[in-house]
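J.: I'd like to ask some things about the structure below.
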Amino acid sequence: MRIAKEIALRNFGHLSRLQRAWSMMLQVTIGFGYRPLRALWWIGAFVLLGTILFEWGYHAGLVTPTEEGAYKTFVKTGDAPPHYPSFNPFVYSLENFLPVVVLYQDQYWRPNARHTIRRKMRRVNDRLDGSSRPSRLLRSYLWLHILAGWMITPLLFAGLSGLVRPD
């Protein structure tokens with residue numbers, strides 16, 4: 001009943017586009033605060049999709065070590081040196097999605113926007129071509145992944161605490 005009232009307000013009330021967009025965001029993510037656990041489905045979906053994409057990116061050579069020595073070894077052999085932390089796509093996805101969580105994958109691994117699927121690096125002054133598109137798309141997805149985490153996770157806690165219910 002209360003959710004229907006909020007939907008009616010969005011559809012027939014005199015709300016600005018921004019207010020309507022925010023209302024839609026609240027409905028889809030936490031059911032206007034009446035169904036806050038709905039956000040867990042979104043969190044799970046983003047973390048699962050991130051796990052799949054980052055796993056693919058790692059095996060395609062697009063997710064590379066951030067330290068110079070480990071990076072050079074990775075480019076030559078396809079593997080990081082034995083002393084370097086191994087890549088875990090699930091932990092990487094979770095760490096980048098959840099705000100203020102540090103699991104030490106992000107500081108060691110990152111999608112390299114200058115890599116092609118064949119693990120070759122383009123020079124900085126090379127023109128952008130289609131071979132680097134997957135690496136740039138993976139880097140863009142990482143940014144979307146982080147932004148979604150910064151929006152959905154606080155909404156979950158706001159919904160659980162009752163801060164966003166319009167009562």
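The values are calculated or read from the model by the stated rules, or taken from the named source; none is laboratory data. Model, not experiment: these values are computed from the prediction. All Cβ positions, glycine included, derive from the backbone under ideal geometry; neighbour counts span all protein chains shown. Surface areas here come from the heavy atoms of the whole protein model, side chains and all, with no ligands, DNA or RNA. Shrake-Rupley method; radii C 1.70, N 1.55, O 1.52, S 1.80 Å.
J.: At 0.36 nm per residue, minus the direct Cα-Cα distance, what do LEU37 and TYR141 gain on full extension? Give it in nm, one decimal, please.
T.: Gain on extension, LEU37 to TYR141, equals 35.0 nm.
J.: Can you give the extra length, in nm with one decimal, that the chain gains between PHE12 and SER161 once fully stretched, where that is 0.36 nm per residue apart less the Cα-Cα distance? Mind dumping the intermediate values first?
T.: Numbers: separation 149, 0.36 × 149 = 53.64 nm, distance 2.84 nm.
Length gained, PHE12 through SER161: 50.8 nm.
J.: Which residue fluctuates the most in the chain, going by a Gaussian network model with Cα springs under 10 Å, if the choices are ASN88, ASN96, ASN11?
T.: ASN11
J.: Could you tally the net charge around THR29, taking each other residue with its Cβ under 12 Å from the Cβ of THR29, Lys/Arg +1 and Asp/Glu -1?
T.: On the way: positive: ARG35, ARG38; negative: none.
That sum, taken over residues with Cβ under 12 Å, equals +2.
J.: Hey, can you find the accessible area per residue of the chain for me, probe 1.4 Å, expressed in square angstrom?
T.: It amounts to 62 Å² per residue over the chain.
J.: Could you check the spin-label model distance between HIS59 and ARG133? Points 7 Å from the Cα along Cα→Cβ, value in nm.
T.: 2.2
J.: Here's something else I'd like to know. Starting from the amide H of VAL63, placed 1.01 Å from N in the peptide plane, find each other amide H under 5 Å away whose residue is 5 or more places distant or on another chain.
T.: TYR58, ASN112
J.: Still on this structure, I have one more. Kindly provide the helix-only [θ] at 222 nm of the chain, computed as the sum of -39,500 (n - 2.57) over DSSP H runs of four or more divided by all residues, to the nearest 500 deg cm²/dmol? All intermediate terms of the calculation are to be shown ahead of the outcome.
T.: Details: 6 runs with 95 residues, N = 167.
Dividing the helical sum by the residues of the chain leaves -19000 deg cm²/dmol.
J.: Hey, of [x] 0.94; [y] 0.98; [z] 1.12, which did the structure itself give for Rg/Rh (Cα atoms, Kirkwood Rh) when calculated?
T.: Given [x] 0.94; [y] 0.98; [z] 1.12, the structure-derived one carries the label [z].
J.: Further question on the same structure: For the chain, list the DSSP H helices whose alpha carbon atoms reach 27 Å or more along the long axis and whose average Kyte-Doolittle value is 0.5 or above?
T.: Long hydrophobic helices here: 38-59, 133-161.
J.: Now for a separate question. So if each residue of separation counts as 0.36 nm, and I subtract the Cα-Cα distance between VAL102 and ILE117, what length gain in nm does that give?
T.: Values: separation 15, 0.36 × 15 = 5.40 nm, distance 2.82 nm.
Stretched fully, the VAL102-ILE117 segment lengthens by 2.6 nm.
J.: Of the listed peptides 145-151, 110-116, what is their order by residue-averaged count of other C-beta atoms within 10 Å, with the highest listed first? Can you show the working numbers first?
T.: Working: 145-151: 16.9, 110-116: 20.3.
Final packing ranking: 110-116, 145-151.
J.: Once neighbouring chains are kept in place and the probe is 1.4 Å, which whole percent of the accessible area of the chain is contributed by carbon and sulfur?
T.: 64
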